[in-house]
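Note sheet for the following structure.
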Amino acid sequence: MTDLFGGQEPRQSTREKMAEGAVLLRGFALDSEADLLVAIGAIVAVSPFRKMVTPGGFLMSVAMTNCGRAGWVTDRTGYRYDTTDPETGKPWPPISESFMALAVSAAAEAGYPAFYPDACLINRYDPGARLSLHQDKNERDFCNPIVSVSLGLPATFQFGGSQRGDPVAKYGLHHGDVAVWGGPSRLFYHGVLTLKDGEHPSVGRMRLNLTFRGAL
Ligand code: MD6
Ligand code: FE
């Protein structure tokens with residue numbers, strides 16, 4: 001066989017439809033894993049993970065940071081995107097090339113060929129952390145999809161509908177899986193169940209999630 005890929009075939013990625021406009025690309029990020037983990041380390045050295053407070057006064061169990069022109073933040077005054085990191089008083093670190101390449105190619109693969117994110121929220125789930133059912137609606141333009149990359153320990157993702165009370169489907173998200181969200185399901189409710197304890201060979205005792213957004 002001819003050596004199209006320098007001796008290495010790209011890994012197989014399979015697709016699972018979650019709803020109209022929402023697709024799960026299994027294993028899509030596996031080839032980028034090493035680059036992604038290095039890039040996350042560089043971001044966290046500038047803007048560390050922190051647990052933020054919700055407008056209602058609750059400390060979130062998920063630790064967060066951001067990269068990009070804008071970052072998602074919450075405090076007693078509300079949820080918003082901010083161009084500066086409130087912890088450092090400085091801009092968030094930029095979206096690295098490896099991040100951008102993955103986000104753009106996953107979006108295109110899912111049917112969103114012109115997605116150029118300006119924000120990437122990075123979530124760290126330690127065992128016991130969870131994210132209750134919510135909509136992502138702080139972005140200015142809902143024409144852009146959201147690209148969500150899972151690394152590390154597996155988690156159960158809940159995916160509902162446009163109303164909080166709609167029935168919820170569950171998906172196991174594993175290391176390297178990428179979920180892309182947009183169009184008719186852009187504002188669907190979703191959440192992550194309590195993370196079970198475990199040890200991932202390359203990420204350790206945590207789950208990391210990157211969500212790329214067009215925020216500004
Ligand atoms: C997570 N993800 O998977 C949290 N939002 O850790 C999200 O909240 C999310 O995965 C919008 C679209 C895809 C997501
Ligand atoms: Fe979300």
Legend entry - Relative contact order (percent, whole number), region 32-116, Cα cutoff 8 Å, 6+ residue spacing: 24
Legend entry - Given charges at Cβ of Lys, Arg, Asp, Glu: the chain dipole, positive-most of Pro48, Ser105, Ala34: Pro48
Legend entry - Simple spin-label estimate for Ser202 and Glu87 in nanometres, 7 Å along Cα-Cβ: 2.4
Legend entry - Whole-number D in µm²/s for region 78-152 (Stokes-Einstein; Kirkwood sum over Cα pairs; 25 °C, 0.890 mPa s): 169
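Under 1.5 on a/c is rounded, so check that first for region 5-126, then, if it is not, pick prolate when a/b is larger than b/c and oblate when it is not; a ≥ b ≥ c are the square roots of the alpha carbon gyration tensor eigenvalues. Before the final figure, lay out each step's value.
Working: a/c = 2.10, a/b = 1.64, b/c = 1.28.
Here region 5-126 falls in the prolate category.
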Legend entry - Computed lengthening from Arg164 to Asn138, 0.36 nm per intervening residue step minus Cα-Cα distance: 7.7 nm
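Might you report the magnitude of the Cβ-based charge dipole of region 103-177 about its Cα centre, with Lys and Arg at +1 and Asp and Glu at -1, to the nearest 20 debye? Don't jump to the answer; show the numbers that get you there.
Details: 6 positive and 8 negative charges, 54 e Å.
Roughly 260 debye, rounded to the nearest 20.
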Inset, instruction - With springs only between Cα atoms under 10 Å apart, run a GNM on the chain and tell me which of Leu195, Leu151, Leu59 wobbles the most. - result: Leu59
Legend entry - Mean Cβ count within 10 Å, highest first, over the residues of peptides 60-69, 198-207: 60-69, 198-207
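Apply the a/c threshold of 1.5 to the C-alpha gyration tensor of region 159-216 and tell me whether it is rounded, prolate or oblate. Please list the in-between numbers first.
Values: a/c = 2.71, a/b = 1.56, b/c = 1.73.
Judged from the Cα gyration tensor, region 159-216 comes out oblate (a/c at least 1.5, b/c at or above a/b).
Just from its helices, what would the mean residue ellipticity at 222 nm be for the chain, if runs of 4 or more DSSP H residues each count -39500 (n - 2.57) and the sum is divided by every residue, rounded to the nearest 500 deg cm²/dmol?
-4000 deg cm²/dmol
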Legend entry - Low-density loop cleavage sites - chymotrypsin sites (Phe, Trp or Tyr not before Pro) in region 22-61, where at most 16 other Cβ are within 10 Å (DSSP): Phe58
Legend entry - Spin-label model distance (nm) - Phe58 vs Arg80, 7 Å beyond Cα toward Cβ: 2.3
Legend entry - Check: the chain dipole with +1 on Lys, Arg Cβ and -1 on Asp, Glu Cβ, in debye: 720
Legend entry - Förster radius 41 Å - calculated FRET efficiency between Asp126 and Thr14, Cβ distance, rounded to 0.05: 0.90
Legend entry - Radius of gyration and Dmax over the Cα atoms of region 63-216, both given in Å: 15.0, 42
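Read the figures in this text as sums done on the coordinates, not as results from a lab. From a predicted model like this one, the values you see are computed outputs, not experimental measurements. Every residue, glycine as well, gets a Cβ built from its backbone with ideal geometry; the counts of neighbours run over all protein chains shown.
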